[in-house]
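In what follows, a single structure is set out as structure tokens and then discussed.
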Amino acid sequence: MKAKHLYAATGLAIIALFASAACIAANKAEIDAGVSTALKNWKAINPNHRELASKAAGMLVFPHITKGGVGIAGEYGEGVLRVNDQTVGYYSVSSASVGLTLGVAKHSEIILFMTQAALDKFTNSKGWSIGADTGVALVKTGAGGTYDSETLKKPILAFVFGEKGLIADISLEGSKINSIDK
């Protein structure tokens, strides 16, 4: 019985933390600085990233996403949509889940829209959910840094990198992306 109370209290604390994230949200300058650093780090991981970015119709860059939970988990981060190397909007990513999540971690995320149609579908939506609205290929690199050529043919590619902390979940499924005013 005590474990149930602990899980409930921890879950409520995590939900409160992520619900309050809007109150402590970063300003434009902080987000832009984080985006520049995240892009630099992502491009340094693999020389092919630079070429992929140049081929993309647009990209979402979330430099700092925090995810945590004990049974009940939440995630929140802020970033930008870039088209032709220019920021065209500010966005947040969030999700909540119930299950076997345990821990707290931070990471960066870049989502590439490889076709104009995929980018248009995103920009014309009012709140976009990964999994519900569209499929996103999570690109994983092997030890040699090479990509699966079939995965790279997908219209939307997602990269998760710079993981810090400990959490047993790296899924993008169910993440909700919304435009935010800055």
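The values are calculated or read from the model by the stated rules, or taken from the named source; none is laboratory data. None of these values were measured; they are calculated from a predicted model. When we count neighbours, we look across all protein chains shown, and the Cβ atoms used for this are built from the backbone with ideal geometry, even at glycine. Quick note on the areas: whole protein, heavy atoms, side chains included, nothing else; ligands and nucleic acids left out. Shrake-Rupley method; radii C 1.70, N 1.55, O 1.52, S 1.80 Å.
In table form, for the structure just shown:
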item	result
Residues located in the range 150-181, provided they are more than 14 Å from the chain's Cα centre (by Cα), open to solvent by 40 Å² or more (accessible area, probe 1.4 Å) and modelled with pLDDT under 70	Ala168
Cβ-Cβ under 6 Å pairs, at least 6 apart or on other chains, the range 83-99 side basic (Lys, Arg), far side at pLDDT 95 or above	none
Residue within the range 49-60 that is free of Cβ contacts under 8 Å to residues at least 12 places away in the same chain and not small (Gly, Ala, Ser) present	yes
Test: residue in the range 121-129 that is crowded, with 21+ Cβ neighbours inside 10 Å and at pLDDT below 90	yes
Residues satisfying the stated conditions in the range 100-120, i.e. modelled with pLDDT of 75 or more, open to solvent by less than 60 Å² (accessible area, probe 1.4 Å) and in contact with a strand residue (DSSP E or B) (Cβ under 8 Å, 6 or more places away or on another chain)	Gly103, Ala105, His107, Ser108, Glu109, Ile110, Ile111, Leu112, Phe113, Met114, Ala118, Leu119
Subset of the range 64-94 (residues that are surrounded by 22 or more Cβ atoms within 10 Å (Cβ to Cβ) and in contact with a Gly (Cβ under 6 Å, 6 or more places away or on another chain))	Ile65
The range 57-77, residues that are modelled with pLDDT of 90 or more and assigned to a strand (DSSP E or B)	Gly58, Met59, Leu60, Val61, Phe62, Pro63, His64, Ile65, Thr66, Tyr76, Gly77
Residues of the range 45-87 satisfying the condition of being in contact with a Lys or Arg (Cβ under 7 Å, 6 or more places away or on another chain) and within 19 Å of Lys126 (Cα to Cα)	Gly58, Met59, Val61
